[in-house]
Amino acid sequence: AKAYRETLQEQPLWHCGQLFKWPAQRVPTAQEHRYMTYSALMAGANGLLWYTYKGFGQYLPVDTPDLWEFHKSLLQEVIAITPLFLERRIGKEITLVEENELIHGYIKKCSMGKIAIVVNDSKTETVTAKIKLPSANGSVSVYGEDRKVAVVNGIINDEFKPLDVHIYR
């Protein structure tokens, strides 16, 4: 986000995610991978690439096939909402009914309509958050989760597991 601000939003910024383990460390989980990808996009990254190290005896498609399959599905998910990220601005920060430093996100309007991306920054805590979506009515769909969340008086109430990403449409 700092790089995005300091380049006056004129330079392309790329997220380079790590999908391998250093010796004595571990490969990121699918949940961590999704969280890092959307955190980068929310901060203004307008390009994505991932580095998988074919060394130290590791090769992602063979050694971690579940993460490899998840990565391919995450790519399809991001491609499906690409219009959201083609907009040059980051978006408007969400407003919480009760302040919570673990939950943050943005609402952005694009050709797909208004979309809010909200994340839980905690690696360990499950959090319930009340988020103001004043222009929403009735319910909003949660992209990729096959569920809807009720909107009551412009507010949704939703649960976020550690490093959860919810995309409301």
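The values are calculated or read from the model by the stated rules, or taken from the named source; none is laboratory data. Since we're looking at a predicted model, the values are computed, not measured. For neighbour counting, all protein chains shown are included, and Cβ atoms are generated from backbone atoms with ideal geometry for every residue, glycine included. These area figures cover heavy atoms from the full protein model, side chains too; ligands, DNA and RNA do not enter into them. Shrake-Rupley method; radii C 1.70, N 1.55, O 1.52, S 1.80 Å.
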Alpha carbon convex hull of region 7-61, projected area averaged over orientations, nm²: 4.5 nm²
The chain - percent of accessible surface contributed by carbon and sulfur, probe 1.4 Å: 52 percent
For region 1-157, accessible area per residue (1.4 Å probe, heavy atoms of protein chains only), Å²: 60 Å²
Where VAL62, VAL97 fall by accessible area, highest first, once all protein chains stay in place (1.4 Å): VAL62, VAL97
Antiparallel bridges, percent of DSSP beta bridges restricted to the chain (to nearest 5): 85 percent
Cross-link table LYS92/LYS123; LYS72/LYS108; LYS54/LYS92, entries beyond 31 Å C-alpha to C-alpha: LYS54/LYS92
Hits among aspartates and glutamates - C-alpha to C-alpha of LYS21 under 14 Å, sequence gap 8 or more where chains match: GLU32, ASP63
Rounded tilt (10° steps) of 30-42 against the dominant C-alpha axis of the chain: 60 degrees
Peptide ranges 114-122, 28-36 listed from the most packed, as the mean C-beta count within 10 angstrom indicates: 114-122, 28-36
